[in-house]
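The values are calculated or read from the model by the stated rules, or taken from the named source; none is laboratory data. From a predicted model like this one, the values you see are computed outputs, not experimental measurements. Every residue, glycine as well, gets a Cβ built from its backbone with ideal geometry; the counts of neighbours run over all protein chains shown. In case anyone asks, the SASA skips ligands and DNA or RNA and just uses the protein heavy atoms, side chains included. Shrake-Rupley method; radii C 1.70, N 1.55, O 1.52, S 1.80 Å.
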Amino acid sequence: MSAYEELKPRFAEMDTQVLSVLVNNLPTLQAWSRGLNTSFPVLSDFWPHGQVALLYNVLRSEGVAERAIFVIDKEGIVRYVDIHDINDDPGMNAILRTLKEIESK
Amino acid sequence: MRTYSHISRDTALASYAAWDQGKFWEMHDLLFENAPELDRDVIESLARKLGLDMDRFIKSMDNMDHLDELQKNLDMVHDLDVWSTPTVIINGTMIKGAQPYENYRQEVDKALKELSSLDALGYLKSAFLGLIQPSAAYADGSAFGQGQVPLWVPAPRMKPTNEVRVGQKAPDFTLPSAQGGEITLSDYRGKKNVVISFFPAAFTPT
């Protein structure tokens, strides 16, 4: 989350909106995102539980989401998918590379 | 017709009356805290404690405004042959009485597995049948208690394989934001690229 924050100017340059999605309820996410001081929307996919995670096929049977990233272009087309190892930090490079590709077209 | 005690009926009606004023769960909690001594005087003192409009509350109780809904719920419970509290129904499988977590989990896992192998669009419907079951909670799948917690949940329709792949149209959604308001993915169409980042859950390592 903080990595997104650091790259905020880059995302702005590249006309890109970052949305975080979590399966927790709003009060939890409010407490959580306040601590992280994030300026991007933190979305609550709590009820019906994990419906958007299900829609993107990243809801695990224990009720949490995968650590997953989807990059979507301005036409609404998916341009990058990373269902990442849940215990690993996916980093930012692949996202930035995808956005650059989108920009160059 | 199923029989029930007057105390059960009055507490159920009180919950409905509190629901009308946006305090269903608050009343629910107080009723459980104060059981089993719940005569009309106690119920009214609880309503007062919650700061409800007492004229409205008492009128609702005296007129039994919600008796029809209560009866519909009892009829449904009767139709389903439910006699234990709690009873949980997961995709048609009934789990009676309070059982270990693992039993519920198994059924949910099974239901999810069945769903993902369905050819057509599917539904996961789970009904939570406790002491009180306002009819609106199942009638249209919407929330009751003024939009807080639905008891009957139509889960999203799933296609057989719904992996989202590169080159596909991103499934649209609308979700509430912790910063207030709601965000709809398609609102960014034609304006911005979007990075959607799913995190396992809050307060897990980021």
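Charges only on Cβ, +1 for Lys and Arg, -1 for Asp and Glu: so what's the dipole of segment B:6-79 about the Cα centre, in debye to the nearest 20?
Working: 8 positive and 17 negative charges, 28 e Å.
In debye, rounded to 20, segment B:6-79 gives about 140.
Tell me which residues come under 5 Å, amide H to amide H, from residue A:60 once H is placed; ignore anything under 5 positions away on its chain.
A:65, A:66
For the pair A and B, how large is the buried accessible area, both sides, in square angstrom to the nearest 100, if the probe is 1.4 Å? Intermediate values should be presented prior to the final figure.
Values: alone 7170 and 13840 Å², together 16010 Å².
For chain A against chain B, roughly 5000 Å² becomes buried.
Taking the full set of protein chains and a 1.4 angstrom probe, give the accessible area of residue B:96 in square angstrom, rounded to the nearest 10.
Counting only protein heavy atoms, the figure is 120 Å².
Report the residues of segment A:1-23 in range of a label on residue A:37: point 7 Å along Cα→C-beta, backbone N strictly under 15 Å from it.
Once the point is set 7 Å along Cα→Cβ of residue A:37, A:1-8 turn out to lie under 15 Å by backbone N, inside segment A:1-23.
How big is segment B:40-102 along each principal axis, measuring the range of its Cα positions in Å and listing the largest first?
Extents along the principal axes, in whole Å: 44, 26, 18.
Solvent-accessible area per residue for segment B:6-79 at a 1.4 Å probe radius, Å²?
On the way: 3930 Å² over 74 residues.
On a per-residue basis, 53 Å².
Rounded to the nearest 0.05, what FRET efficiency do residue A:92 and residue B:29 have when you use their Cβ-Cβ distance and R0 = 45 Å? Walk me through the numbers before you get to the answer.
On the way: r = 45 Å, r/R0 = 0.99.
My answer for the efficiency is 0.50.
Which lysines, if any, have their Cα less than 23 Å from the Cα of residue A:105, not counting same-chain residues under 8 positions apart?
A:8, A:74, B:169, B:191, B:192
Which three numbers, in whole Å and largest first, are the semi-axes of the equivalent ellipsoid of segment A:2-97 derived from its Cα gyration tensor as √(5λ)?
On the way: eigenvalues 90, 60, 34 Å².
Square roots of five times the eigenvalues give 21, 17, 13 Å.
For residue B:96, which lysines qualify as cross-link partners when the Cα separation must be under 19 Å and same-chain residues fewer than eight apart are set aside?
Output for residue B:96: B:110, B:125.
Within the accessible area of segment A:3-105, what % is carbon and sulfur when the probe is 1.4 Å and the other protein chains stay in place?
47
Could you pull out the longest piece of chain A with no exposed loop GluC sites (Glu not before Pro) in it, calling a site exposed if DSSP puts it outside H, G, I, E, B and it has at most 14 other Cβ atoms within 10 Å? Intermediate values should be presented prior to the final figure.
Values: sites that count: A:62, A:75.
The longest such stretch corresponds to A:1-61.
Three principal axis extents, largest first, for the C-alpha atoms of segment B:6-79, in Å?
On the principal axes, segment B:6-79 reaches 36, 24, 19 Å in Cα extent.
In Å², what does the accessible area per residue of chain A work out to with a 1.4 Å probe?
Accessible area per residue: 46 Å².
So, R0 is 25 Å and r is the distance between the beta-carbons of residue B:6 and residue B:96; what FRET efficiency does that work out to, to 0.05? All intermediate terms of the calculation are to be shown ahead of the outcome.
On the way: r = 26 Å, r/R0 = 1.04.
It comes out at approximately 0.45.
For the residue pair residue B:169 and residue B:53, what label-to-label distance in nm results when each label sits 7 Å from Cα along the Cα-to-beta-carbon direction?
4.5
Take every Cα pair under 8 Å in segment A:1-87 that's 6+ residues apart, average their separations, divide by the length, and report that relative contact order as a whole percent. Spell out each step's value before the answer.
Numbers: 102 pairs, mean separation 18.1, N = 87.
Worked out over segment A:1-87, it gives 21 percent.
Could you go through segment A:6-21 in sequence order and give the Karplus-derived ³J(HN,Hα) for each residue, using 6.51 cos²θ - 1.76 cosθ + 1.60 with θ = phi - 60°, rounded to whole Hz, and x for Gly and Pro?
Here the 3J(HN,Hα) series is 4, 8, 3, x, 4, 4, 5, 4, 8, 6, 10, 9, 9, 10, 9, 10 Hz.
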